[in-house]
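For reference, the structure discussed in these notes is given below.
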Amino acid sequence: MAEKDDYLLDLLVDLGFTDAEQVAQAREEASAAGVGVVDLLVANKVIRPGDVTQAKSAQFGAEVVHLANLRIDDDVIAMVPREIAKKYRVIPVFKNEGKVALAIADPSDLNTIDSLAHLLRAEVEVRVASEPEIEAALNKYYGTEKKAKDAGIFKDVIQELDDENAQLSVTEEGPAAEDAPLIRLVDSIIVEAFKLRASDIHLEPLAKKFRLRYRIDGVLQEMKSPPKRLQAPVIARLKIQAGMVISEHRVPQDGRIQSKVGSKLIDLRVSCLPTNHGESIVMRILDKEGLKLGLPELGFLSDDQATFERIIALPDGILLVTGPTGSGKTTTLYSCLNFINRPDRKIITVEDPVEYVLGGINQVQVNEIVGFTFAMALRAILRQAPNVVMIGEIRDMETASIAINASLTGHLVFSTLHTNDAPGAVTRLIDIGVKPFLVASSTRCLMAQRLVRKICKKCVAPYAPTDAELNAMGLRAEDVRNANIQKGRGCSNCNNTGHRGRMGIFEIFVVDDDARKLIYDRVPTNVLRARAREMGMRTLREDGIRKVLAGMTTPEEVIRATVGDEA
């Protein structure tokens, strides 16, 4: 090991990753601590694991592979059994005519390479990858013992369905249904999604594949898909559970499924859409027990939280939360209602649909089919003398007009709009027909938001942002010298993504008298935005950068979520 370290250290110096003085110092420390010199240099962050990988690649003439950027096919993974991959710490990368390319951290371990060639009965080509990447890939493709067991159950169901006599019943109910292979397959898809904290399940018919994807922390991840031949029975089973018309394949349908996962009862909002290869199913998982309704959980820093709490405690006016679909607007509104929900306040909501049931609050669901629109519901609930009204979304002039009039007659109104930034909500209201003086007099606060993924607490590690990331955030190297910038390495807790959970980044525009005058004068959005910035409004990217510097999220996440935003 010492000789190998010496050769590797010489290469690291020759390649410019370290120098002779640092190596000499590391030798003394390593000797005293009884550890390897290279390991110590990595631990002290003198060199990176990737530098060691590159040096090993140069030493043995093997190609470097970045496993995180590769999508390895199932049939390639199947070439190396889980036990062998875990024991020898290797990942198969590709196969070709009796050859298999294996990613390994130490290409000098000839005994291991010879053993693998014998065990796999194939010619082995060596590729080099870093130890952390191999560890992450082992967890991703081979999983933990528990994941392997779960995958085995899924495989058993498929094998059972391969039996010519298997019953493809989609309508059974009661105790007997638990034994039907197809029903167990559908249930396992829902249970696995819940365990992985997915927000959506996507079952998509393609030309030669029935693709299964879960949206986890806002990012779609492809899973092991059911066979294409099970597409029709799986979709039929879900349509029956959701109360849809099973024989209707020409028009979109919506429904709901209530499912039990362990001791938890979850609701699934189901959408069925006809496509050219069959019906596509998307299920939104609504975990009523898992919804966190505290303001700190949304991602507010202390100063923004204080401002927001002051606004939602006002007796009247409108608070608008803006952002694209899936940016967490509804969750923010629920959190506001939860914060101000007291016995001395009557709160009524108008939603389409009612996603979460809140205790002590009257919730109304609109029904466009029978003509029960947002506007009609609003007129009716104002006769119920509420203190606070929450409108799921302002979509038209009629709804906006009633909402503004309600805010001017002593009601506190919460709602959402689809705009890119906070000041843009003013322009949107005026565009749909609301008079500028009504917007100016009723609006108390406009808030834009986006969601970014949080760093996994189990595998968090210090991170040095690249020059490109610093430039995108408008920062210099000296600006981040004392910052707590971090990134997740990837572990079983976060499914090797480095992220677990999401939080908001916010742009809060509190409307004061000067801003009201500008709104009344119908100034362009850029002028209103400039005024908001003078008042101290932070943009989405600026709020995101604060959270990067605090070690709450990564530069990559903030840059992705705020493309086009002015820093």
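The values are calculated or read from the model by the stated rules, or taken from the named source; none is laboratory data. Quick caveat, the model's predicted, so the values are computed rather than measured. No Cβ is skipped: glycine too gets one built from the backbone with ideal geometry, and neighbour counts run over all protein chains shown. We work out accessible area using only protein heavy atoms, side chains counted, and drop any ligands, DNA or RNA first. Shrake-Rupley method; radii C 1.70, N 1.55, O 1.52, S 1.80 Å.
The residues of the stretch 451-497 that are among the polar types (S, T, N, Q), open to solvent by 60 Å² or more (accessible area, probe 1.4 Å) and modelled with pLDDT of 85 or more, listed by number, are T466, N471, N484.
In the stretch 71-96, the residues that are more than 12 Å from L116 (Cβ to Cβ) and among the aromatic types (F, W, Y) reach residues that are open to solvent by less than 20 Å² (accessible area, probe 1.4 Å) and outside any loop (DSSP other than H, G, I, E, B) with C-beta atoms within less than 6 angstrom, at least six apart or across chains, in these pairs: F94/V76; F94/A101. Restricting the search to helices (runs of 4 or more DSSP H) fully inside the stretch 48-135 and requiring at least 1 residues that are at positive phi and open to solvent by 60 Å² or more (accessible area, probe 1.4 Å) gives an empty result. Note on the stretch 174-215: among residues that are in a loop (DSSP other than H, G, I, E, B) and modelled with pLDDT of 55 or more, the one that is least open to solvent (accessible area, probe 1.4 Å) is A180.
Hey, any hits in the stretch 349-368 for a residue that's acidic (D, E), more than 28 Å from I508 (Cβ to Cβ) and either surrounded by fewer than 18 Cβ atoms within 10 Å (Cβ to Cβ) or free of Cβ contacts under 8 Å to residues at least 40 places away in the same chain (or both)? Yes, the conditions are met somewhere in the stretch 349-368.
Being among the hydrophobic types (A, V, I, L, M, F, W, C), in a helix (DSSP H, G or I) and either modelled with pLDDT under 90 or open to solvent by 10 Å² or more (accessible area, probe 1.4 Å) (or both) is a property that I545 has.
For the stretch 407-444, name all the residues that are touching a strand residue (DSSP E or B) at 6+ places or on another chain (Cβ under 8 Å) and of a type in the set (D, E, K, R). Selection gives D421, R428, R444.
Taken together, the residues in the stretch 315-330 that are open to solvent by 50 Å² or more (accessible area, probe 1.4 Å) and either part of a helix (DSSP H, G or I) or among the basic types (K, R) (or both) amount to 1.
When restricted to residues that are without any contact (Cβ under 8 Å) to a residue 60 or more places away in the chain and open to solvent by less than 60 Å² (accessible area, probe 1.4 Å), the stretch 223-256 contains 13. Just one of (1) part of a helix (DSSP H, G or I); (2) in contact with a Lys or Arg (Cβ under 8 Å, 6 or more places away or on another chain); (3) open to solvent by 60 Å² or more (accessible area, probe 1.4 Å) fails for L265. It is (1). Restricting the stretch 236-255 to residues that are part of a strand (DSSP E or B) and in contact with a helix residue (DSSP H, G or I) (Cβ under 9 Å, 6 or more places away or on another chain), which is nearest to N276 (Cα to Cα)? Ranking the candidates gives Q253 first.
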